[in-house]
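Scroll down for the structure; my scribbles are underneath it.
Nothing in this text is a laboratory measurement; each read-out follows from the coordinates by a stated rule. Computed from a predicted structure; not experimentally measured. Here the Cβ is made from the backbone with ideal geometry for all residues, glycine too, and neighbour counts use every protein chain on show.
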Amino acid sequence: MRKKLLLLVLFCFGSALFVGAPRAADGLYIGVKAGSMNNDASGFDDSTNVGVILGYEFLNAALGDIAIEGGYSNTVDKGNAPGGDWEIETFAAYGVFRSAGPLYIKAKAGALRSNIKALAGSNTSTDFSAGVGGGFSLGIAQLEVEYTRIKEDVDFLSLTVNFMTPF
């Protein structure tokens, strides 16, 4: 499963390198994301999640861009847990700031609904979530590395490729 994830990330990165059009100032973007979910609970190993993003940049100011962003992720490689495996599914909505320039920093905050499943059962909750990261604009694509606090004991370290749409 990790080989498939690596191939997906390499494909997305490679696709972004060949994009040559200038980046749109405002508008809709879509993306794919993959990374490691770290559960700090005792005995839990990391799981691997893959997700999709849909966002809209609506303010392009001198200091940076403001956007709203929604996302979904699900486990593709379960992590080990006491007595079995664990997985997590997330739905999120964020307000996002990206600084100006081809190399930028990113900050986001919003609400996230998570469903964690383990042998002992499942736990669904809606919590405040925030993240920070950095990125690089490649034409109409953005390549981002990001750390997101999912909930009190779960973090997500991810690589994202966003593609700007023509509308």
Inset, instruction - Using a 10 angstrom cutoff on alpha carbons, build the Gaussian network for the chain and name the most mobile of G71, G101, G121. - result: G121
Inset, instruction - Mind telling me which of L28, L54, L63 comes out most flexible in a GNM of the chain, alpha-carbon contacts under 10 Å? - result: L63
Legend entry - Angle between the chain longest axis and helix 2-17 axis [Cα atoms, degrees, rounded to 10]: 10
Legend entry - Viscosity 1.567 mPa s, 4 °C: Kirkwood-radius Stokes-Einstein D of region 41-167 over Cα pairs, µm²/s: 83
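Helix-derived [θ] at 222 nm for the chain: sum -39500 (n - 2.57) over DSSP H runs of at least 4, divide by residue count, nearest 500?
Computed ellipticity for the chain at 222 nm equals -3000 deg cm²/dmol.
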Legend entry - region 29-72: translational diffusion in µm²/s, Stokes-Einstein, Kirkwood Rh over Cα pairs, 37 °C, 0.692 mPa s: 257
Inset, instruction - Please label the shape of region 92-167 as rounded, prolate or oblate, based on the square roots a ≥ b ≥ c of the eigenvalues of the alpha-carbon gyration tensor (a/c under 1.5 means rounded; beyond that, a/b larger than b/c means prolate, else oblate). - result: prolate
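Could you work out the local net charge near G84, counting Lys and Arg as +1, Asp and Glu as -1, over the other residues with Cβ closer than 14 Å to its Cβ?
-1
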